[in-house]
1. So, restricting to strands (runs of 3 or more DSSP E) that lie completely within the stretch 1-94, which ones have at least 3 residues that are exposed (fewer than 15 other Cβ atoms within 10 Å of the Cβ)?
2. Just need a number here: residues in the stretch 41-58 that are under 24 Å from residue 123 (Cα atoms) and under 12 Å from the mean Cα position of the chain (by Cα).
3. Looking for whichever is free of Cβ contacts under 8 Å to residues at least 12 places away in the same chain, among the β-branched types (Val, Ile, Thr) and either loosely packed, with under 13 Cβ neighbours inside 10 Å or assigned to a helix (DSSP H, G or I) (or both) here; the options are 140, 158, 152. Which one fits?
4. Could you run through the stretch 109-125 and say how many residues are of a type in the set (A, V, I, L, M, F, W, C) and at pLDDT 85 or above?
5. Check 137, 106, 128 and return the single one that is modelled with pLDDT of 95 or more and more than 17 Å from residue 49 (Cα to Cα).
6. Kindly evaluate residue 61 against the criterion of being at pLDDT 95 or above and either farther than 26 Å from residue 120 by Cα or among the hydroxyl-bearing types (Ser, Thr, Tyr) (or both).
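The values are calculated or read from the model by the stated rules, or taken from the named source; none is laboratory data. Since we're looking at a predicted model, the values are computed, not measured. Virtual Cβ from ideal backbone geometry, glycine too; neighbours counted across all protein chains shown.
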Amino acid sequence: MNHKFYICPGSPAISTQHIELDESRLEDAIEDVFSEDAEDATLVWEAAKQPLSYKYDFPEITRDIIIMLGVLKTARGETKVHFRSSDFHTDWILRWNEDHLEVEEKSRMSLKSGYGYQGDLRKTVLSKSYFCSEWKKPLTNILKALKHSKLTHVSGFTLLERACSEV
């Protein structure tokens, strides 16, 4: 395990209520499938722990994660990632060559746990495959919850399923 960067995916509770979506968007399905008391995932980077709510953060950042994982399939490159949820608002620059990945935080704001301020931005180097496998863990929890709730018809489900299988 890379102790500088990892994700504890948690074991989020799935809502037991029958779910009928008027809109068939992935974001709505993710929000509806998890209960209010669902255990958070936790992004740990250096000593800072950032809770990521399955009910509130992941509906807003899942597509960004899927896009990021897709871009990282190329042999080399650079991309900017903008995560925009109410409790996880950050910008990263990712640079990679083969399996060597550099992740640089450019800005961060969080309302939970005093996650950090502009003055303590981080940078880490790790394997690209390891980084992707860490993001796969919470995405797999989301995929299982959607399947369990029979919400496989929503727009974006196939992209989520593909992201989980290709990492």
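1. 76-84
2. Adding up the residues that qualify gives 9.
3. 158
4. Residues that pass the stated criteria total 1.
5. On inspection, the qualifying residue turns out to be 128.
6. When the stated conditions are applied, residue 61 does not pass them.
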